[in-house]
Amino acid sequence: MSPVRDGWQGVGERIVAAARAAGRESHTVRLLAVSKTFPPQAIRDVYALGQRAFGENYVQEALPKMDALADLPGLEWHLIGPLQSNKARLAAERFHWVHTVDRLRIAERLSAARAGGGPPLNVCVQVNISGEPTKSGVPPQDAVALARGVSVLPHLRLRGFMGIAEPSGDAGRQRAQFRTLARCLEASRAAGMSLDTLSMGMSDDLESAIAEGATLVRVGTAIFGPRPARPATVRQAEP
Ligand SMILES: *Cc1c(COP(=O)(O)O)cnc(C)c1O
């Protein structure tokens, strides 16, 4: 018996129910399984159920897992944690998606690092939708301008926007924040960019995100269970 089966299936059912409630087709919402802190075997278990897209927060943590899972065809790796300039090359070489582009400089580095070949790197512009000063992402009013700059870089494919709602347990607040991200997508489309991705919603708020148009939800805890605390040494190795 797979220890993650109930979690993964339960999340699938939540996505179907939330899409139905929003009058959407459930296949328009992709599930990204967030495997940070969990070992390669946990990823194998979810892969065996049919999951292919996995999210990691730290380049340095992800690379050994990618190596350990190199025998699995069709794995798709998404970087969803803050990206430092000095990790941009590795991120561009090893990931299929980067959700956390929050400045033009890092996008330029990613594009340059991808110039060696292969398909363009899929990226999202991260927007600070909660307004908390400590949170990453550009302010919503700057999102379209950054998207325009990113969209012309030769080795990137801008897909859309990513946001993290403030943990509140209040569906009204969550939806208002996710609506801010949806408006960024609408404004970019009105400005002529053909984008298809709203990366928003996690274990605690995926229903609110789907109600506001999420096309990709990033879910860890509800699939894999609670995360162990990160060892201090790992945290320091990647400031
Ligand atoms: C950890 C993380 C997730 C998953 O969070 P859960 O609450 O465990 O589902 C999603 N997105 C980002 C950016 C994360 O860092």
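The values are calculated or read from the model by the stated rules, or taken from the named source; none is laboratory data. Quantities reported herein were computed from a predicted structural model and do not represent experimental measurements. Here the Cβ is made from the backbone with ideal geometry for all residues, glycine too, and neighbour counts use every protein chain on show. The area values use the complete protein model at the heavy-atom level, side chains included, leaving out ligands, DNA and RNA. Shrake-Rupley method; radii C 1.70, N 1.55, O 1.52, S 1.80 Å.
Worth pointing out:
- Restricting attention to region 4-22, the residues that are more than 20 Å from the chain's Cα centre (by Cα) and either over 16 Å from GLY50 (Cβ atoms) or among the hydroxyl-bearing types (Ser, Thr, Tyr) (or both) add up to 4.
- Subset of region 143-187 that is more than 30 Å from ALA113 (Cβ to Cβ), in contact with a helix residue (DSSP H, G or I) (Cβ under 8 Å, 6 or more places away or on another chain) and in a helix (DSSP H, G or I) - its residue that is most open to solvent (accessible area, probe 1.4 Å): ARG183
- Annotation note: of LEU110, LEU83, the sole residue that is part of a helix (DSSP H, G or I), open to solvent by less than 20 Å² (accessible area, probe 1.4 Å) and not small (Gly, Ala, Ser) is LEU110.
- The listed residue being of a type in the set (Val, Ile, Thr), in a helix (DSSP H, G or I) and surrounded by fewer than 18 Cβ atoms within 10 Å (Cβ to Cβ), out of VAL11, VAL16: VAL16
- Candidate set: region 108-156, residues that are more than 20 Å from ILE80 (Cβ to Cβ) and among the polar types (S, T, N, Q); chosen: the one nearest to the chain's Cα centre (by Cα): SER151
- The set of residues from region 1-38 being more than 28 Å from GLU212 (Cα to Cα) and free of Cβ contacts under 8 Å to residues at least 24 places away in the same chain comprises just one member, MET1.
- A Cβ distance below 6 Å, combined with a sequence gap of six or more or placement on separate chains, defines the contacts here; from region 51-68, residues that are without any contact (Cβ under 8 Å) to a residue 60 or more places away in the chain and open to solvent by 40 Å² or more (accessible area, probe 1.4 Å) reach residues that are assigned to a helix (DSSP H, G or I) and away from the ligand (no atom under 11 Å from the Cβ) in the pairs ALA68/PRO40.
- Tally of residues being crowded, with 16+ Cβ neighbours inside 10 Å and either part of a helix (DSSP H, G or I) or in contact (Cβ under 8 Å) with a residue 60 or more places away in the chain (or both) across region 188-199: 3
- Count of region 69-104 residues which are in contact with a helix residue (DSSP H, G or I) (Cβ under 9 Å, 6 or more places away or on another chain) and within 16 Å of the ligand (Cβ to nearest atom): 12
- Some residue of region 132-142 being crowded, with 24+ Cβ neighbours inside 10 Å, part of a strand (DSSP E or B) and either at pLDDT 95 or above or touching a Gly at 6+ places or on another chain (Cβ under 8 Å) (or both): no
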